[in-house]
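Colleague: So that we are looking at the same thing, I have put the structure below in structure tokens.
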Ligand SMILES: Nc1ncnc2c1ncn2[C@@H]1O[C@H](COP(=O)(O)OP(=O)(O)O)[C@@H](O)[C@H]1O
Ligand SMILES: [Mg+2]
């Protein structure tokens with residue numbers, strides 16, 4: 001939020017400075033080489049899903065973090081954009097349309113819907129906005145079984161991306177080709193959304209979020225400021241929808257419903273709404289949990305829920321907030337003194353969590369496994385849930401870890417305070 | 001000299017109680033006009049009516065001859081009227097610099113632009129720096145505004161009020177809750193930033209009022225009981241009786 005100030009003077013003078021462009025160049029290179037590091041098909045599938053979620057979460061944060069609008073229905077803008085793109089795939093003209101430009105149509109459609117809904121929903125922020133977003137979200141989700149021509153009813157609608165006009169000979173038959181298409185759009189959308197936050201309207205979105213009344217006495221209508229943020233968010237959600245359509249070639253009611261709208265709130269909050277890159281972290285962590293953890297355990301949603309509750313309660317700034325909290329110790333050159341207390345607390349804390357999770361898994365297995373099937377595999381070890389040994393091990397881990405973490409926490413608190421205090425008071 | 005602000009038969013009721021009871025007031029261009037009166041007299045309410053925060057119950061408010069009734073605060077602001085608040089009203093989570101820069105946006109013609117970069121505009125950044133210099137907050141520019149001291153927040157409040165270049169400035173108790181030295185600083189600041197502008201100010205500190213104002217109006221129970229040059233008002237027996245006597249004693 002405060003990062004523009006230092007560099008603004010430098011940038012006010014001329015073109016794009018290297019320090020401003022560097023993060024984007026690094027991000028671009030990073031996206032370029034990722035498939036060489038993670039080559040398996042499943043890894044690329046996960047990365048595609050991740051990239052789409054990042055765009056969606058960034059778009060959501062234009063509302064929540066930058067504009068102070070809590071939406072419970074953001075999925076519909078992504079959804080309708082996606083549905084339109086699948087329809088286009090099924091039209092004749094798709095044969096003369098290169099696939100990479102398809103997401104633009106999703107964006108435009110998302111924008112049009114946001115234009116209609118925003119015209120009445122952005123009058124007020126706060127509860128009124130939240131309730132309207134919820135109502136409209138439910139309404140459009142309900143339409144999926146009513147307007148079957150467009151939403152395809154229960155089975156949704158599907159298409160085939162490869163019917164598009166080949167793009168420099170690429171027909172997007174493989175996941176990796178789709179990956180680069182999505183990565184391109186990710187970079188472009190993220191950059192545009194970042195730049196949007198640096199425009200007059202983007203700055204005023206922050207002002208209206210903080211104090212809508214004061215903004216009105218500076219010549220800006222809070223309502224129109226919210227409206228423009230809202231339609232911009234709708235546009236980028238639509239882009240994400242278009243990419244979803246390309247990646248999965250099918251859209252269903254699930255793309256519109258409250259569950260999807262709720263998850264994106266969760267993703268964004270988990271990453272942190274206070275910094276532009278927060279939702280990116282949130283989307284990465286969430287997608288990893290959703291894909292990798294769900295392969296390991298049926299209870300993954302429980303752990304994600306617990307993580308979310310813990311974030312809301314203890315780190316309202318989200319993961320990015322936790323990261324950025326370390327700015328002061330690093331600036332003061334005192335971060336080293338945090339390392340030891342961190343190890344003393346975090347290692348037992350992780351053991352405690354693992355122990356707790358193990359215990360829960362044991363309990364779940366003992367109660368729900370088929371009769372006679374008492375063998376289970378957890379943390380790469382196979383054991384029998386009727387054997388008391390694993391129960392004892394997990395209980396000891398959980399309790400012991402908790403005890404040790406608690407014992408170390410005063411030292412961490414002290415070190416944290418110390419690391420955030422300048423040596424001499426300079427003012 | 002032409003009239004900047006003209007108020008005719010203004011009335012405002014909240015429910016059954018009439019708070020503003022037929023106010024008439026004419027403020028000329030470049031005048032420094034102080035509105036004084038006891039607590040609860042309706043001074044802030046008068047400001048809220050002028051700036052479109054509340055609709056009036058009856059009467060007419062004209063800015064440079066144009067009727068303001070039914071206009072929203074942002075429309076009135078665009079017509080060249082800006083105000084500060086009795087209770088500090090800034091953007092606490094944004095930096096001090098960002099606060100000032102945002103208050104320059106509309107007047108520099110950026111409107112709802114999404115194709116300009118704020119960091120690229122010389123006029124915007126240099127303008128904001130100049131205001132910071134004027135309100136003496138350059139050293140604080142990158143701090144979140146909510147972390148400033150009370151006096152600094154008051155200075156910022158004045159800064160964002162005058163930044164947009166409005167020619168009619170309304171200040172609601174700019175020195176309330178300040179120490180002597182802070183008051184002197186704010187008075188100097190007000191004098192400096194309102195050169196060539198029309199100033200309407202609610203103020204309790206009689207030292208400030210008599211030091212700054214060309215004209216004074218006394219508002220008691222929603223009515224203006226006297227308007228005139230400082231000496232006239234000071235000598236007015238009704239004012240002495242209703243208000244000024246005790247305020248003068250309390251103030252000095
Ligand atoms: N929004 C409101 N609703 C109801 N009563 C109000 C409102 N605003 C002010 N008042 C009442 O109007 C009277 C004058 O208030 P105010 O204008 O703040 O006085 P002053 O600024 O002169 O001290 C007070 O009695 C106050 O309670
Ligand atoms: Mg008042």
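The values are calculated or read from the model by the stated rules, or taken from the named source; none is laboratory data. This is a predicted model, so every value here is computed, not measured. Backbone-built Cβ (ideal geometry, glycine too); neighbour counts: all protein chains shown.
Colleague: Give the residue, chosen from A:230, A:235, that is part of a helix (DSSP H, G or I) and more than 12 Å from chain B (Cβ to nearest Cβ).
Modeller: Every option except A:230 fails the conditions.
Colleague: If we keep just the residues of segment B:169-185 that are farther than 22 Å from residue B:110 by Cβ and crowded, with 22+ Cβ neighbours inside 10 Å, which is nearest to ligand 1 (Cβ to nearest atom)?
Modeller: B:172
Colleague: Taking segment B:116-142, which residues are in a loop (DSSP other than H, G, I, E, B) and more than 8 Å from chain A (Cβ to nearest Cβ)?
Modeller: Correct list: B:135, B:136, B:137.
Colleague: Which one of A:305, A:274 is within 14 Å of another protein chain (Cβ to nearest Cβ), modelled with pLDDT under 95 and over 30 Å from residue B:52 (Cα atoms)?
Modeller: That would be A:274, the only listed residue that is within 14 Å of another protein chain (Cβ to nearest Cβ), modelled with pLDDT under 95 and over 30 Å from residue B:52 (Cα atoms).
Condition check ((1) away from ligand 1 (no atom under 16 Å from the Cβ); (2) outside the structural domain of residue B:240 (by TED's automatic domain parsing); (3) modelled with pLDDT of 95 or more; (4) in contact with a helix residue (DSSP H, G or I) (Cβ under 7 Å, 6 or more places away or on another chain)) across all residues:
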position: B:8; (1), (2), (3), (4): yes, no, yes, no
position: B:11; (1), (2), (3), (4): no, no, yes, no
position: B:55; (1), (2), (3), (4): no, no, yes, no
position: B:76; (1), (2), (3), (4): yes, yes, yes, no
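Colleague: Looking only at segment B:102-115, filter to residues that are in contact with a helix residue (DSSP H, G or I) (Cβ under 6 Å, 6 or more places away or on another chain) and facing chain A (nearest Cβ under 7 Å); which one of those is surrounded by the most Cβ atoms within 10 Å (Cβ to Cβ)?
Modeller: B:103
Colleague: Conditions: (1) within 13 Å of ligand 1 (Cβ to nearest atom); (2) touching a strand residue (DSSP E or B) at 6+ places or on another chain (Cβ under 6 Å); (3) within 20 Å of residue B:233 (Cβ to Cβ). Residue B:33 meets all but one. Number of the miss?
Modeller: For residue B:33, the failing item is (1).
Colleague: When you go through (1) in contact with a strand residue (DSSP E or B) (Cβ under 6 Å, 6 or more places away or on another chain); (2) away from ligand 1 (no atom under 16 Å from the Cβ); (3) outside the structural domain of residue B:92 (by TED's automatic domain parsing) one by one for residue B:161, which number turns out not to apply?
Modeller: Just one mismatch for residue B:161, condition (3).
Colleague: Scan segment B:1-54 for residues that are more than 19 Å from residue B:81 (Cβ to Cβ), within 13 Å of ligand 2 (Cβ to nearest atom) and free of Cβ contacts under 8 Å to residues at least 12 places away in the same chain and jot them down.
Modeller: Correct list: B:39, B:40.
Colleague: In segment B:127-178, which residue that is within 20 Å of the chain's Cα centre (by Cα) and over 27 Å from residue B:74 (Cβ atoms) is farthest from ligand 2 (Cβ to nearest atom)?
Modeller: B:136
Colleague: Listed residues A:121, A:133, A:158; which is surrounded by fewer than 22 Cβ atoms within 10 Å (Cβ to Cβ), in the same structural domain as residue A:63 (by TED's automatic domain parsing) and modelled with pLDDT of 95 or more?
Modeller: Being surrounded by fewer than 22 Cβ atoms within 10 Å (Cβ to Cβ), in the same structural domain as residue A:63 (by TED's automatic domain parsing) and modelled with pLDDT of 95 or more holds for just one of A:121, A:133, A:158, which is A:158.
Colleague: Kindly list the number of the only condition in (1) surrounded by fewer than 20 Cβ atoms within 10 Å (Cβ to Cβ); (2) touching a strand residue (DSSP E or B) at 6+ places or on another chain (Cβ under 8 Å); (3) closer than 18 Å to residue A:213 by Cβ that fails for residue B:51.
Modeller: Condition (1) is where residue B:51 drops out.
Colleague: Another one. Restricting the search to segment A:155-184, which residues are in contact with a strand residue (DSSP E or B) (Cβ under 6 Å, 6 or more places away or on another chain) and part of a helix (DSSP H, G or I)?
Modeller: Across segment A:155-184, the qualifying residue is only A:177.
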